[in-house]
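Only one structure is covered here, and it is reproduced in the block below.
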Amino acid sequence: MSQVVQSRRLRAIDLAKSKAEGRKIIALTAYHAHTASILDAYCDFILVGDSLGMVMHGMESTLPVTLEMMILQAQAVMRGTSRALVVVDMPFGSYEASREQAFLSAARVLKETGAGAIKMEGGARFAETVAFLTQRGIPVMGHIGLTPQSVNTMGGFRVQGRGAEAERLLMEDARAISEAGAFAIVLEGIVEPVARAIARSPDVTAPTIGIGATAECDGQILVLEDMLGLSDRAPKFVKSFGSLRSQIEDAVRAYAEEVRSGSFPANEHTYQAR
């Protein structure tokens with residue numbers, strides 16, 4: 001899909017067709033206009049993830065992230081893009097209480113940012129909420145498996161899907177969210193055989209987006225800072241496609257040395273009187 005020439009921004013319905021048409025979906029996270037502008041030419045959707053709490057603000061989890069934080073960063077990403085679908089995470093506490101709360105929060109996100117869809121964590125227990133939102137014009141991306149907002153009840157960031165019962169529950173989660181109308185489902189931190197079974201299941205018609213799951217998903221997503229080598233620590237499933245942390249350190253070191261030595265700024269970096 002990323003190679004298709006288009007005259008408009010991609011929409012949720014375009015991604016929903018990808019599974020049937022055999023097109024891989026490419027996605028990364030972004031929180032700033034400048035990075036989003038780079039991703040725009042290559043990604044089918046850009047996720048403004050609540051991972052911004054950890055990546056941008058040094059939080060230990062995504063739980064403290066607020067709706068206002070998500071809206072602010074989504075506005076920045078929208079300014080930097082014109083092609084990719086922008087999906088915004090619904091932060092913890094903004095949708096769990098009721099279907100009505102979820103609608104009001106999601107509607108606010110779409111109205112104030114101009115983004116094209118929202119993402120919600122949770123499986124079968126949130127299927128009714130997914131249906132409620134989609135029936136009211138809000139495109140929803142699902143997210144099952146390792147759901148960071150449930151880190152306290154999960155006992156940490158643990159791989160999901162080990163054991164027959166865990167596999168059954170994950171398959172039910174995927175089936176329920178798909179049937180509720182989600183246009184795509186993120187599969188995170190799920191053991192490969194189970195993720196593969198979900199991706200291949202005829203009962204899961206929504207495209208699957210893998211992150212620490214399986215290559216057989218209909219698409220893949222990573223946190224941009226992880227795949228660029230900017231993060232201090234990255235999960236096992238991340239492949240580093242760059243080493244920008246060391247390059248930034250080298251550049252900052254060179255800058256500091258030149259300022260101390262007085263070689264920067266040189267004449268060419270200053271304005272001279274005529």
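The values are calculated or read from the model by the stated rules, or taken from the named source; none is laboratory data. Please read all numbers here as calculations on a predicted model, not as lab measurements. Positions of Cβ are generated from backbone atoms using ideal geometry, with glycine treated the same way; all protein chains shown enter the neighbour counts. Note: areas computed on protein heavy atoms with side chains; ligands, DNA, RNA excluded. Shrake-Rupley method; radii C 1.70, N 1.55, O 1.52, S 1.80 Å.
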- request: Could you tell me which of the residues Phe157, Phe92, Phe132 is at pLDDT below 95 and touching a helix residue (DSSP H, G or I) at 6+ places or on another chain (Cβ under 7 Å)?
  value: Phe157
- prompt: If you take the residues of segment 123-161 that are among the hydroxyl-bearing types (Ser, Thr, Tyr) and within 17 Å of Ala180 (Cα to Cα), which of them is least open to solvent (accessible area, probe 1.4 Å)?
  reply: Thr129
- prompt: Quick one: is Ala84 at pLDDT 95 or above, among the small types (Gly, Ala, Ser) and touching a strand residue (DSSP E or B) at 6+ places or on another chain (Cβ under 8 Å)?
  reply: yes
statement: Picked from segment 16-62 (must be touching a Pro at 6+ places or on another chain (Cβ under 6 Å) and either assigned to a loop (DSSP other than H, G, I, E, B) or not assigned by the TED database to the domain that holds Asp232 (or both)), the residue farthest from Ala84 (Cα to Cα) is Thr62
- prompt: Looking only at segment 1-15, which residues are closer than 17 Å to Val87 by Cβ and either more than 19 Å from the chain's Cα centre (by Cα) or modelled with pLDDT of 90 or more (or both)?
  reply: Arg8, Arg9, Leu10, Arg11, Ala12, Ile13, Asp14, Leu15
- line: A careful count of residues in segment 194-228 that are more than 20 Å from Phe45 (Cα to Cα), open to solvent by 20 Å² or more (accessible area, probe 1.4 Å) and touching a residue at least 12 places away in the same chain (Cβ under 8 Å) gives 4
task: Tell me, please, whether a residue that is open to solvent by 10 Å² or more (accessible area, probe 1.4 Å), without any contact (Cβ under 8 Å) to a residue 24 or more places away in the chain, among the small types (Gly, Ala, Ser) and over 13 Å from Gly145 (Cα atoms) can be found in segment 162-176.
output: yes
query: Tally time: how many residues in segment 179-193 are free of Cβ contacts under 8 Å to residues at least 24 places away in the same chain and open to solvent by less than 40 Å² (accessible area, probe 1.4 Å)?
result: 0
